[in-house]
Amino acid sequence: MRQVTVTEHLLVHQRESDMATGRFTRLLNEIILSAKLISRDVTKAGLLNILGKTGEVNIQGEEVRKMDDYANRVLIHRLERAGVLCAMASEENADLIEIPETFPVGDYFLAFDPLDGSANIDANVSIGTIFGIYRRKGGTGRSVTLGEVLQRGAEQVAAGYVIYGSSTMLVYTAGNGVNGFTLDPSVGEFLLSHPNIRIPEEGRIYSVNEGYWDFWDEATQEAVQYFKSPNNHNGKVYSMRYIGSLVSDFHRNLLYGGIFLYPRDNRDPKKKHGKLRYLVEAAPMAMIAEQAGGMAIDGHRRILDIEPQEIHERVPLIVGSKNEVLKVQEIYARHAEAAR
Ligand code: FDP
């Protein structure tokens with residue numbers, strides 16, 4: 001069988017779209033090369049003495065792990081030189097990352113989480129890199145304002161993730177379906193392994209951190225209870241699967257069908273909108289889910305319709321198979337109606 005590399009796939013599809021300038025391909029190629037570098041080091045993290053924490057605390061108030069820091073530096077180093085970006089936003093940086101004077105600027109804006117799920121690194125659990133790509137919506141030149149780059153997730157021109165699991169995979173969409181590529185380490189290429197991924201319309205899995213049950217509102221409790229109940233619409237309890245690493249939980253549900261929830265809770269006032277960040281987690285996953293035939297909401301609204309106001313804005317995320325997400329939306333709507 002002829003094997004298609006991600007670059008070949010990109011070149012063929014680039015011709016079919018308005019991204020025919022080659023700049024978009026350049027951008028994705030830099031992300032792909034960064035992912036290979038991160039993958040190489042994630043797989044031998046224990047040997048490189050890079051496990052553990054740096055001792056610093058990031059903008060989210062979380063301890064920075066050495067691998068987070070390394071992955072962040074790899075992505076910034078490669079992408080600031082690419083000549084196709086006007087700015088970047090990383091989960092690890094408080095502000096927009098500007099392109100240094102020494103490198104040319106372009107009109108794409110990249111938002112990324114260099115290593116999501118990093119609380120799992122030391123235990124060798126799958127983690128990932130998530131990204132969303134936008135076009136600058138105004139202004140020219142080197143100085144970029146938030147207003148020029150913060151946009152609804154629906155404006156993403158592409159989104160994807162790389163999962164560092166038992167194999168390393170790139171899953172991405174440029175608005176024309178979702179494709180998955182597996183890294184063949186012997187040749188150093190991502191090869192098309194999962195063409196045109198479709199999420200099953202209905203699944204058998206629910207994924208949520210149920211330890212927070214007491215901090216949830218009644219709508220969320222009812223929704224989760226629904227999946228645990230043998231009296232739900234298909235008369236079978238769902239299986240609970242929660243890795244605690246968004247990329248891994250999302251990826252499994254994308255392939256097998258199911259629903260992932262990170263709802264709002266009342267544990268910590270800073271997290272009253274949940275934990276996940278709109279730009280670097282919710283919006284890219286929502287675009288992939290929709291492109292694969294699934295859905296993503298914050299309980300009521302479509303994730304891709306939300307207009308973020310800040311780089312690190314958080315949002316509740318309910319994403320996965322259509323039937324399960326619709327069910328949760330219906331429960332939330334009923335509770336909202338009753339509260340009126
Ligand atoms: P992490 O903090 O390890 O980076 O947003 C980050 C994230 O992981 C997600 O990948 C994951 O889904 C979630 O946090 C897990 O949070 P809880 O431990 O609160 O369940």
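The values are calculated or read from the model by the stated rules, or taken from the named source; none is laboratory data. What you are looking at is a predicted structure, and each value in this text was computed from that prediction instead of being measured. Cβ placement follows ideal geometry from the backbone for every residue including glycine, while neighbour counts extend to all protein chains displayed.
Okay, residues lined up against (1) surrounded by fewer than 20 Cβ atoms within 10 Å (Cβ to Cβ); (2) in contact with a Lys or Arg (Cβ under 7 Å, 6 or more places away or on another chain):
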| position | (1), (2) |
| --- | --- |
| Asp298 | no, no |
| Arg302 | yes, no |
| Ile306 | yes, yes |
| Ile311 | no, no |
| Arg314 | no, yes |
| Val319 | no, no |
| Val325 | no, no |
| Ala333 | yes, no |
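Among the residues that make up segment 137-146, is at least one of them buried (at least 21 other Cβ atoms within 10 Å of the Cβ), within 27 Å of Arg301 (Cα to Cα) and at pLDDT 90 or above? The answer is no; no qualifying residue exists. Applying the criterion of being among the small types (Gly, Ala, Ser) and closer than 25 Å to Asp68 by Cβ to the residues of segment 245-271, the residue that is nearest to the ligand (Cβ to nearest atom) is Ser245.
Within 16 Å of the ligand (Cβ to nearest atom), more than 19 Å from Arg152 (Cα to Cα) and either modelled with pLDDT under 95 or touching an Asp or Glu at 6+ places or on another chain (Cβ under 6 Å) (or both) - does that describe any residue in segment 214-232? Scanning segment 214-232 turns up at least one residue that is within 16 Å of the ligand (Cβ to nearest atom), more than 19 Å from Arg152 (Cα to Cα) and either modelled with pLDDT under 95 or touching an Asp or Glu at 6+ places or on another chain (Cβ under 6 Å) (or both). Before we move on, is Ser239 small (Gly, Ala, Ser), more than 19 Å from Gly320 (Cα to Cα), more than 16 Å from the ligand (Cβ to nearest atom) and out of contact with any Asp or Glu (no Cβ under 6 Å at 6 or more places or on another chain)? So Ser239 fails the test.
Every residue in segment 104-118 that is away from the ligand (no atom under 16 Å from the Cβ) and assigned to a loop (DSSP other than H, G, I, E, B), please. Those that are away from the ligand (no atom under 16 Å from the Cβ) and assigned to a loop (DSSP other than H, G, I, E, B): Pro104, Val105, Gly106, Asp107.
The set of residues in segment 277-295 being within 14 Å of the ligand (Cβ to nearest atom) and under 22 Å from Glu330 (Cα atoms) consists of Ala282, Ala283, Met285. Residues that are farther than 30 Å from Gln14 by Cα and touching a Lys or Arg at 6+ places or on another chain (Cβ under 7 Å) are absent from segment 187-198 altogether.
Would you check which residues across segment 84-103 are closer than 19 Å to Arg26 by Cα, in a strand (DSSP E or B) and of a type outside the set (A, V, I, L, M) and list them? Across segment 84-103, the qualifying residues are Cys86, Glu98. Considering segment 84-94, the residues that are small (Gly, Ala, Ser) and under 16 Å from the mean Cα position of the chain (by Cα) include one that is farthest from the ligand (Cβ to nearest atom), namely Ala89. Given the residues Ile130, Ile97, Ile121, which is the only one that is within 23 Å of Leu170 (Cβ to Cβ), near the ligand (Cβ under 10 Å from one of its atoms) and modelled with pLDDT of 95 or more? Result of the check over Ile130, Ile97, Ile121: Ile130. Of the strands (runs of 3 or more DSSP E) lying entirely inside segment 154-209, those carrying at least 2 residues that are over 16 Å from the mean Cα position of the chain (by Cα) and away from the ligand (no atom under 16 Å from the Cβ) are 178-184, 189-194.
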